[in-house]
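Engineer: The structure is given below, and queries will be raised subsequently.
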Amino acid sequence: GQNIDQPTEMTATEGAIVQINCTYQTSGFNGLFWYQQHAGEAPTFLSYNVLDGLEEKGRFSSFLSRSKGYSYLLLKELQMKDSASYLCVSMNRDDKIIFGKGTRLHILP
Amino acid sequence: EPEVTQTPSHQVTQMGQEVILRCVPISNHLYFYWYRQILGQKVEFLVSFYNNEISEKSEIFDDQFSVERPDGSNFTLKIRSTKLEDSAMYFCASSEDWSSSYEQYFGPGTRLTVT
């Protein structure tokens with residue numbers, strides 16, 4: 001089966017660092033992505049992990065542990081525009097794509 | 001920068017009517033997808049399409065749904081007989097090829113309201 005769990009909401013302060021965790025159960029796992037979605041807009045791609053380890057892209061980093069079925073998205077130097085939902089998404093070898101419910105991140109000044 | 005476009009941005013239809021949602025993927029992309037997002041809920045995968053055929057579909061994508069690439073640029077989603085529960089935002093996405101299928105570019109969406 002396939003299932004994704006991530007926190008519903010998180011709050012952080014401008015300039016700080018926040019880590020959004022995601023656990024997944026995906027048979028035939030073939031990769032995990034993170035997308036950002038601002039309210040009323042389409043998702044935009046942030047990162048992709050298929051091997052264990054950390055992928056860094058500017059202020060955003062994503063980590064994957066396949067053995068633990070665990071990923072996190074790390075956002076540094078938070079800006080007000082980072083207020084959005086962050087979607088953890090898994091894909092299996094049959095190209096089945098499952099979105100998590102998203103974590104709504106609120107940034108406080 | 002190339003982008004995925006979708007028309008219309010908002011479609012209102014009566015229950016039982018057929019609707020066609022249109023998408024123009026990025027021109028050199030080969031993989032196309034439809035997703036839906038019911039208000040306040042998570043994004044749900046509907047179907048992926050490659051080489052003029054469906055490569056994968058979800059349980060949501062039943063006989064009421066169909067997809068087509070009628071020409072070299074458009075990619076359409078048809079709902080034959082709409083139900084109230086089909087009201088949602090429908091997103092089209094495309095990716096360059098299978099190896100980068102994770103990096104999907106989403107269109108702005110079509111909000112479908114079934115009354």
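The values are calculated or read from the model by the stated rules, or taken from the named source; none is laboratory data. Quick caveat, the model's predicted, so the values are computed rather than measured. Reconstructed Cβ throughout: ideal geometry from the backbone, glycine too, with neighbour counts over all protein chains shown. Surface areas here come from the heavy atoms of the whole protein model, side chains and all, with no ligands, DNA or RNA. Shrake-Rupley method; radii C 1.70, N 1.55, O 1.52, S 1.80 Å.
Engineer: So how exposed is A:H38, as accessible area in Å² (1.4 Å probe, rounded to 10)?
Structural biologist: We get 60 Å² for A:H38.
Engineer: Quick one: if the Förster radius is 25 Å, what FRET efficiency do A:T44 and B:L30 give, using the C-beta to C-beta distance and rounding to 0.05?
Structural biologist: 0.80
Engineer: Antiparallel DSSP bridges in the protein assembly as shown: what percent, to the nearest 5?
Structural biologist: Details: 74 of 83 bridges.
Counting DSSP beta bridges with both partners in the protein assembly as shown, the antiparallel share is about 90 percent.
Engineer: Same structure, new question: With the cut-off at 26 Å, tell me which of the pairs A:K101/B:K83; A:K81/B:K83; A:K81/B:K78; A:K76/A:K101; A:K57/B:K57; A:K76/A:K96 have Cα atoms farther apart than that.
Structural biologist: Details: A:K101/B:K83 23 Å; A:K81/B:K83 36 Å; A:K81/B:K78 35 Å; A:K76/A:K101 22 Å; A:K57/B:K57 31 Å; A:K76/A:K96 31 Å.
Over 26 Å apart, Cα to Cα: A:K81/B:K83; A:K81/B:K78; A:K57/B:K57; A:K76/A:K96.
Engineer: Counting partner chain Cβ atoms within 10 Å of every residue's Cβ in B:24-37, what's the average?
Structural biologist: Average per residue, whole number: 1.
Engineer: Please report, for the Cα atoms of chain B, the Rg to one decimal and the Dmax as a whole number; what are they, in angstrom?
Structural biologist: Expressed in Å, the Cα Rg and Dmax of chain B come to 13.2, 41.
Engineer: Please work out whether the stretch A:7-78 counts as rounded, prolate or oblate from its C-alpha gyration tensor, where a ≥ b ≥ c are the square roots of the eigenvalues and a/c under 1.5 means rounded, while otherwise a/b larger than b/c means prolate and anything else oblate?
Structural biologist: Prolate, because a/c is 1.5 or more and a/b exceeds b/c.
Engineer: Using only the Cα atoms of the stretch A:45-87, what are the Rg and Dmax in Å?
Structural biologist: That works out to 11.1, 34 Å for Rg and Dmax.
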